[in-house]
2 protein chains.
Amino acid sequence: MKDKIFEKSIDLFGENGFSETSIQHIVDALGVTKGTFYYYFTSKEQILMEIHLRFINDILAKQDAIIQDPNRNYQEKIYEIICMLMKNIEVQGKSAKIFFREMQNLSDGHLSQIFEKRDEFRIKFQELIELGMEKGEFRKDLDSHIAALGILGMVNWSYHWFDPDGPLSDTTVAKIYIDLVLNGIKAE
Amino acid sequence: MKDKIFEKSIDLFGENGFSETSIQHIVDALGVTKGTFYYYFTSKEQILMEIHLRFINDILAKQDAIIQDPNRNYQEKIYEIICMLMKNIEVQGKSAKIFFREMQNLSDGHLSQIFEKRDEFRIKFQELIELGMEKGEFRKDLDSHIAALGILGMVNWSYHWFDPDGPLSDTTVAKIYIDLVLNGIKAE
């Protein structure tokens, strides 16, 4: 039942928004009582935090696996991370939407926990850029901090427009992004 | 009074969110009655739409001015638009936050009006890339559609992290972005 409440909450938050969804809506949709809800969760916000935590922990684990892969150079690792993030919009559609859109509804304590994990993700990405600069794969004059924010921003923004059922696959978009990021748009 | 209600709504939507702000909150903060509110506006959503319209119309007009400037090449025009959007996060701080975060609270009819204008902005940006490709300023093998989405995404995402009171100015970030976009990160 705990999982059912969790999954139904993702559906309803994703479709109607967190603020517009009441505990009553969630239990009505499942045909259970509020008592059942409170047996598993203390509040709607607790579920929202759980959605955020699972989302960010999942992409942190996937990023770590890519970082540790000894068979890829830094360009390939950056590409793999972009691919993973694009795929995640598809796989975790509703959770991704909630993650990006409903963060302001977390309590301050929870929000700072999530910010810490987001920072961890970004800093690890930035470190890949810096290692690639040292290895001579990337330009030595980059601002690795802003480059990391810019590249991740480009990819994260895709959740606003990318349609997994549309004509472009996540891999196609990821390939165009990595070409942009590596080579820029300027003619030689 | 109409302007005061409008400005106070921007403050409250920006600080507490649209759904969390009631008409009662707005009139209480101004020390007026609900009757006064309904004399000028039919609903809270009407104010939200007005915020969205002013925001998007303003950046469309600024983009048009840059596009029509005969003294700049396409690289410079792209740079000027990135600069303008970054500055806008500072100048229109709360409106920008509301624009990016509260769109889902618009009615369907209003939402499609705003989407049309957002598309117009993006398509004009994409046309600049295509003109630059024809002129030989940009690579001829670009996917101008995804490049436009990617570059605008990078810039738009900045409203999540860019702090106008922080150590980096909007122009500094815009310069790093344009260097990334033009030249990429790969070592020669």
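The values are calculated or read from the model by the stated rules, or taken from the named source; none is laboratory data. What you are looking at is a predicted structure, and each value in this text was computed from that prediction instead of being measured. Backbone-built Cβ (ideal geometry, glycine too); neighbour counts: all protein chains shown.
In region B:15-33, which residue that is more than 11 Å from every other protein chain (Cβ to nearest Cβ) and in a helix (DSSP H, G or I) is farthest from A:SER19 (Cα to Cα)? Can you show your working first?
Narrowing region B:15-33 to residues more than 11 Å from every other protein chain (Cβ to nearest Cβ): B:22-33.
Now narrow it down to the ones that are in a helix (DSSP H, G or I): B:23-30.
Numbers: B:ILE23: 16, B:GLN24: 18, B:HIS25: 17, B:ILE26: 19, B:VAL27: 22, B:ASP28: 22, B:ALA29: 22, B:LEU30: 25 Å.
Of everything passing the filter in region B:15-33, B:LEU30 is farthest from A:SER19 (Cα to Cα).
Based on this model, can you work out whether A:ILE185 counts as touching a strand residue (DSSP E or B) at 6+ places or on another chain (Cβ under 9 Å), at the interface with chain B (Cβ under 9 Å from one of its Cβ atoms) and over 23 Å from A:ASN16 (Cβ atoms)?
Values: touching a strand residue (DSSP E or B) at 6+ places or on another chain (Cβ under 9 Å): yes; at the interface with chain B (Cβ under 9 Å from one of its Cβ atoms): yes; over 23 Å from A:ASN16 (Cβ atoms): yes.
Here the answer is yes, as A:ILE185 does meet what is asked.
On the given criteria, is B:GLN75 at the interface with chain A (Cβ under 9 Å from one of its Cβ atoms), touching an Asp or Glu at 6+ places or on another chain (Cβ under 8 Å) and within 23 Å of A:MET154 (Cα to Cα)?
Values: at the interface with chain A (Cβ under 9 Å from one of its Cβ atoms): yes; touching an Asp or Glu at 6+ places or on another chain (Cβ under 8 Å): yes; within 23 Å of A:MET154 (Cα to Cα): yes.
Judged against the criteria, B:GLN75 is a match.
Suppose the filter is assigned by TED's automatic domain parsing to the domain that holds A:SER95, modelled with pLDDT under 90, outside any loop (DSSP other than H, G, I, E, B) and under 18 Å from the mean Cα position of the chain (by Cα); does A:TYR159 pass it?
Details: assigned by TED's automatic domain parsing to the domain that holds A:SER95: yes; modelled with pLDDT under 90: yes; outside any loop (DSSP other than H, G, I, E, B): yes; under 18 Å from the mean Cα position of the chain (by Cα): yes.
So A:TYR159 passes the test.
How many residues are part of a helix (DSSP H, G or I), out of contact with any helix residue (DSSP H, G or I) (no Cβ under 8 Å at 6 or more places or on another chain) and surrounded by fewer than 19 Cβ atoms within 10 Å (Cβ to Cβ) when one looks only at region A:178-188? Please lay out each step first, then the result.
First, pick out the residues of region A:178-188 that are part of a helix (DSSP H, G or I): A:178-183.
Right, trim to out of contact with any helix residue (DSSP H, G or I) (no Cβ under 8 Å at 6 or more places or on another chain) and you get A:179, A:183.
Still in the list and also surrounded by fewer than 19 Cβ atoms within 10 Å (Cβ to Cβ): A:183.
So the answer is 1.
Suppose the filter is over 30 Å from B:PHE138 (Cβ atoms) and part of a helix (DSSP H, G or I); does B:ASP11 pass it? Please lay out each step first, then the result.
Numbers: over 30 Å from B:PHE138 (Cβ atoms): yes; part of a helix (DSSP H, G or I): yes.
Considered against the rule, which asks whether it is over 30 Å from B:PHE138 (Cβ atoms) and part of a helix (DSSP H, G or I), B:ASP11 comes out as yes.
Here are some residues: B:ASP64, B:ASP58, B:ASP108. Which one is farther than 23 Å from B:LEU152 by Cβ and of a type in the set (D, E, K, R)?
Values: B:ASP64 fails: farther than 23 Å from B:LEU152 by Cβ; B:ASP58 fails: farther than 23 Å from B:LEU152 by Cβ.
After applying the criteria, what remains is B:ASP108.
Inspect region A:130-141 for any residue being among the aromatic types (Phe, Trp, Tyr) and within 15 Å of the chain's Cα centre (by Cα) and give the result as yes or no.
Restricting attention to region A:130-141, the residues satisfying the condition of being among the aromatic types (Phe, Trp, Tyr) are A:138.
If we keep only those that are within 15 Å of the chain's Cα centre (by Cα) too, we end up with none.
Within region A:130-141 (the criterion being among the aromatic types (Phe, Trp, Tyr) and within 15 Å of the chain's Cα centre (by Cα)), the answer is no, since none of the residues qualifies.
Of all the residues that make up region B:167-177, how many are at the interface with chain A (Cβ under 10 Å from one of its Cβ atoms), of a type outside the set (A, V, I, L, M) and surrounded by 15 or more Cβ atoms within 10 Å (Cβ to Cβ)?
2
Are there any pairs with C-beta distances below 7 angstrom linking a residue in region A:103-129 that is farther than 16 Å from A:PHE55 by Cβ and away from every other protein chain (no Cβ under 13 Å) to a residue that is among the charged types (D, E, K, R) and part of a helix (DSSP H, G or I), with the two at least 6 apart or on different chains, and if so which?
Note: pairs meeting the criteria are A:SER107/A:GLU45.
Tell me, which helices (runs of 4 or more DSSP H) wholly within region B:34-114 include 2 or more residues that are surrounded by 14 or more Cβ atoms within 10 Å (Cβ to Cβ), within 19 Å of the chain's Cα centre (by Cα) and modelled with pLDDT of 90 or more? Spell out how you get there, then give the answer.
On the way: elements: B:34-40, B:44-68, B:74-91, B:93-101.
So the answer is B:44-68, B:74-91.
Identify, please: which residue in region B:130-166 is buried (at least 21 other Cβ atoms within 10 Å of the Cβ) and closer than 12 Å to B:LYS77 by Cβ and is, among those, farthest from the other protein chains (Cβ to nearest Cβ)?
B:GLY132
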